[in-house]
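Every number in this text was worked out from the coordinates using simple rules, so none of it is lab data. All figures in this text were calculated on a predicted structure; none of them were measured in a lab. Cβ placement follows ideal geometry from the backbone for every residue including glycine, while neighbour counts extend to all protein chains displayed.
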Amino acid sequence: MRISAKDLGWLKESSFCPRCFWIERHAKGLPYQMGFPGIFSSIDTYTKHIVEKYFERNGELPAWLEEIGEVRRIVSIKPSEFKVVKGDMMLTGIPDLLFQRPDDSFVIADYKTAKYTGSQGEFMPIYQIQLNGYAYISEAMGNKPVKDLFLIYFEPPYKERFDELSSKHTTDGGFEMPFLPKIHKIKKDTAEVEKLLEKAEKIYSSVKIPDGVDGCKDCSRLDGLIELVK
Ligand code: SF4
């Protein structure tokens with residue numbers, strides 16, 4: 001089974017349901033599925049190119065990324081090659097930034113276009129596994145040791161500044177939007193990635209569909225729907 005580092009993070013969520021996971025991975029062409037708007041990944045791709053082009057021109061990261069350290073080289077990643085197989089599981093995913101420091105260690109960073117809500121943010125446990133999943137893959141591919149992991153939030157401006165920004169960033173061709181970076185360091189713990197891969201494999205390979213989470217009423221509603229259309 002193939003699973004992305006981000007999806008693996010959902011297994012750590014308190015609301016994770018093994019039954020949902022099993023159904024999602026076994027059922028093909030589920031109805032009522034909605035695609036996620038691509039704008040956030042377009043912004044992340046844009047950010048990635050802004051940083052890489054800056055590094056190509058100046059041989060260093062922009063000043064607002066100073067905190068993540070010195071860079072010897074940015075490692076280019078081929079999406080089709082950035083993966084690792086463990087048992088029957090294949091872990092995939094591509095970090096936004098993988099670079100090597102002058103001491104030869106590696107650093108991984110991922111961009112998030114969102115308001116930074118600190119270490120208690122609701123998605124932080126998922127991001128922690130996502131970044132550690134990238135570190136796990138990177139080290140398995142020989143880019144090791146991965147010493148540091150960072151989330152880099154790019155916050156959109158707040159309404160208090162709209163007036164000022166409107167006069168500064170409106171051009172004849174459209175408008176530009178400035179983002180404010182906030183850096184959050186993630187603890188490295190790739191052992192947890194292995195444990196979650198084992199958990200995912202166990203649920204996926206279960207012959208019997210697992211039980212749902214206690215208190216979730218949607219499964220009984222589904223039974224009601226099935227009865228209704230019979
Ligand atoms: S218990 Fe709830 S979360 Fe789990 S499979 Fe049923 S509907 Fe999904």
Likely footprinting exposure, D189, D96, D88, fewest C-beta neighbours within 10 Å first: D88, D189, D96
Two-site FRET efficiency, T171 against V207, from Cβ-Cβ distance with R₀ of 45 Å, rounded to 0.05: 0.15
Rounded, prolate or oblate (a/c below 1.5 giving rounded, otherwise prolate when a/b exceeds b/c) for the stretch 179-223 by Cα gyration tensor: oblate
Distant-in-sequence amide H partners of L61 (H built 1.01 Å from N, under 5 Å): V71
Computed [θ] at 222 nm, helices only, for the chain once each DSSP H run of length n ≥ 4 contributes -39500 (n - 2.57): -12000 deg cm²/dmol
Order of I126, I39 under a 10 Å beta carbon neighbour criterion, fewest first: I39, I126
Distance from the stretch 32-85 to the stretch 117-186 (C-alpha centre basis), Å: 10 Å
Globularity ratio of the stretch 35-144, using Cα Rg and 2.2 N^0.38 Å: 1.12
Residues E52, E66 arranged by fewest to most Cβ contacts within 10 Å: E66, E52
Highest average packing first - 172-181, 55-64, 2-11, Cβ atoms within 10 Å: 2-11, 55-64, 172-181
Calculated P(r) of the chain - Cα pairs past 22 Å, %: 61 percent
Lys, Arg +1 and Asp, Glu -1 on Cβ, resulting dipole of the chain about Cα centre, debye, nearest 20: 540 debye
Over the stretch 111-230: Kirkwood hydrodynamic radius from C-alpha pairwise inverse distances, Å: 19.0 Å
DSSP bridge orientation in the stretch 2-229 - percent antiparallel, rounded to nearest 5: 65 percent
Burial ranking of peptide ranges 74-82, 155-163, 222-230 (average Cβ count within 10 Å, highest at the top): 74-82, 155-163, 222-230
